[in-house]
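A.B. asks: Structure incoming, see below.
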Amino acid sequence: MIKVDHLSKKFGDLTVLRDVTTEIVKGEVISIIGPSGTGKSTFLRCLNLLDQPSGGKIEIDGVNILNPSTDVPKLRRKMGMVFQSFNLFAHLSVLDNLTLGPIKLLGAGRAEAQSKAHELLKLVGLAEKADSFPDELSGGQKQRVAIARCLAMDPEIILFDEPTSALDPTMVSEVLAVMRRLAKEGLTMLIVTHEMDFARDVSSRVLYMDDGVIYEQGTPTQIFEQPQREKTCAFIHRIRSLNLRINSQDFDLYAINAEIEQFCEKQILPKKTRQHLLLLVEELLVIYRPRLAGAPLEIILGYAEKTGRLELTLDALGDAPNPLDSAALPDELGLTIITNLAESIDYRADSNGNRLSIRLIRD
Ligand code: ADP
Ligand code: MG
């Protein structure tokens with residue numbers, strides 16, 4: 001269906017795609033993963049000529065679309081695209097967002113377009129929102145409308161560019177659920193995503209992109225369970241960590257929070273996780289405060305991309321008793337908050353030092 005041959009793309013002196021070669025067969029669901037800035041979006045944008053490739057060949061159904069004679073609007077009709085930001089027409093109702101393309105570009109009749117739009121809204125779970133305006137919808141609902149709008153054009157393939165990255169964490173799963181359903185129904189999909197579990201479940205093939213090339217590709221099992229090449233392994237198994245050193249009771253909580261926020265942003269952790277983490281650290285520091293007079297405290301925040309596991313480790317010197325022992329606490333409020341946020345809590349102490357490990361609940 002789509003054949004990409006030695007595709008390259010430069011922006012001025014910057015080479016973003018060096019040499020991308022792959023083939024996409026009808027019905028495939030392909031996830032593209034990889035570090036940011038490695039050309040994933042540019043690759044999608046080259047496929048529907050939102051970016052003009054610098055070299056190579058893209059054939060769709062046997063026709064090289066890089067020929068100047070290519071009918072670009074027609075090409076784009078075959079390829080829907082769903083972006084991180086929903087790009088709905090704010091001044092149009094949900095229904096009109098869905099019927100505009102079919103009426104204007106496909107020459108569909110109004111009644112026909114509307115009846116199909118209602119059907120698609122049902123498919124994405126938003127039948128009752130037909131007359132609402134985009135402003136009245138949540139992020140997850142907007143993205144589902146954007147997907148329905150894509151489907152209204154009867155595309156042969158849909159390109160998704162991080163469709164859930166801009167969403168509140170509570171809304172990620174409703175969008176992924178719709179995408180799972182489309183995948184099950186056999187729609188051809190190319191999905192750039194950071195949702196590793198989703199990519200593993202839903203894809204027939206995973207492309208790992210790094211530095212402007214498809215560095216490794218394979219089935220989800222091959223890529224996620226037995227990656228072969230060095231950078232893929234590092235990406236799949238990476239544990240990112242943040243070390244915070246607290247030297248005294250007069251620590252700067254604002255600075256600590258800012259570092260944690262920055263870390264969460266880098267790791268693309270959902271907002272709710274970030275809030276939980278900030279709260280957890282704050283409560284822990286209240287409890288640890290009396291001890292900070294004597295010895296510094298090292299807080300390590302570890303995040304394993306593959307499993308989504310998030311762990312806090314607090315290291316201090318000395319064979320001190322468990323600071324979370326309720327008998328030692330002035331009240332139980334902080335402890336209750338910590339316990340509620342933790343999936344597991346472990347404390348060990350010996351003459352070398354003491355370590356509290358807390359694994360955060362993720363949902
Ligand atoms: P990814 O989606 O993998 O994060 P992108 O394809 O968005 O990566 O970007 C790859 C690189 O290309 C980045 O360094 C980015 O700054 C650069 N880039 C993307 N679009 C443009 C553009 N229109 N002009 C100049 N540089 C660009
Ligand atoms: Mg991108």
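The values are calculated or read from the model by the stated rules, or taken from the named source; none is laboratory data. Here the structure is a predicted model, which is why all the values come from computation and not from measurement. As a convention, Cβ positions derive from the backbone with ideal geometry for all residues, glycine included, and neighbour counts pool all protein chains shown. Remember, those area values only see protein heavy atoms, side chains included, never the ligands or the DNA or RNA. Shrake-Rupley method; radii C 1.70, N 1.55, O 1.52, S 1.80 Å.
A.B. asks: Find the residue count for the stretch 159-189, including only residues that are within 16 Å of ligand 1 (Cβ to nearest atom), of a type outside the set (Asp, Glu) and surrounded by fewer than 24 Cβ atoms within 10 Å (Cβ to Cβ).
C.D. replies: Going through the stretch 159-189 one residue at a time, the tally reaches 2.
A.B. asks: Is it the case that GLU156 is closer than 19 Å to ARG77 by Cβ, open to solvent by 20 Å² or more (accessible area, probe 1.4 Å) and more than 16 Å from ligand 2 (Cβ to nearest atom)?
C.D. replies: yes
A.B. asks: Related question: Among helices (runs of 4 or more DSSP H) lying entirely in the stretch 41-153, which contain 3 or more residues that are of a type in the set (Val, Ile, Thr), over 30 Å from THR21 (Cβ atoms) and more than 22 Å from the chain's Cα centre (by Cα)?
C.D. replies: Of the helices (runs of 4 or more DSSP H) lying wholly inside the stretch 41-153, those with at least 3 residues that are of a type in the set (Val, Ile, Thr), over 30 Å from THR21 (Cβ atoms) and more than 22 Å from the chain's Cα centre (by Cα) span 94-105.
A.B. asks: Sticking with this structure for a sec: So which of LEU312, LEU284 ends up being within 19 Å of PHE251 (Cβ to Cβ), out of contact with any Lys or Arg (no Cβ under 6 Å at 6 or more places or on another chain) and in a strand (DSSP E or B)?
C.D. replies: After ruling out the rest, the residue left standing is LEU312.
A.B. asks: List pairs: first residue in the stretch 9-20 and in contact (Cβ under 8 Å) with a residue 60 or more places away in the chain and acidic (Asp, Glu), second residue open to solvent by 60 Å² or more (accessible area, probe 1.4 Å) and away from ligand 2 (no atom under 14 Å from the Cβ) anywhere in the structure, Cβ distance under 7 angstrom, at least six positions apart or on different chains.
C.D. replies: Short answer, once both residue conditions are applied: ASP19/HIS6.
A.B. asks: Another one. Considering the stretch 200-223 alone, what residues qualify as being crowded, with 18+ Cβ neighbours inside 10 Å and acidic (Asp, Glu)?
C.D. replies: Hits for the stretch 200-223 are ASP210, GLU216.
A.B. asks: If you take the residues in the stretch 226-252 that are of a type in the set (Asp, Glu) and open to solvent by 90 Å² or more (accessible area, probe 1.4 Å), which one is farthest from ligand 1 (Cβ to nearest atom)?
C.D. replies: ASP250
A.B. asks: Just checking, how many residues over the stretch 8-29 are closer than 21 Å to ARG205 by Cβ, more than 16 Å from ligand 2 (Cβ to nearest atom) and assigned to a strand (DSSP E or B)?
C.D. replies: Summing the residues that are closer than 21 Å to ARG205 by Cβ, more than 16 Å from ligand 2 (Cβ to nearest atom) and assigned to a strand (DSSP E or B) in the stretch 8-29 gives 7.
A.B. asks: While we're on this one: What are the pairs with Cβ atoms under 9 angstrom where one residue, in the stretch 250-273, is without any contact (Cβ under 8 Å) to a residue 24 or more places away in the chain and the other, located anywhere, is open to solvent by 70 Å² or more (accessible area, probe 1.4 Å)? Sequence gap at least six, or different chains.
C.D. replies: CYS264/LYS271
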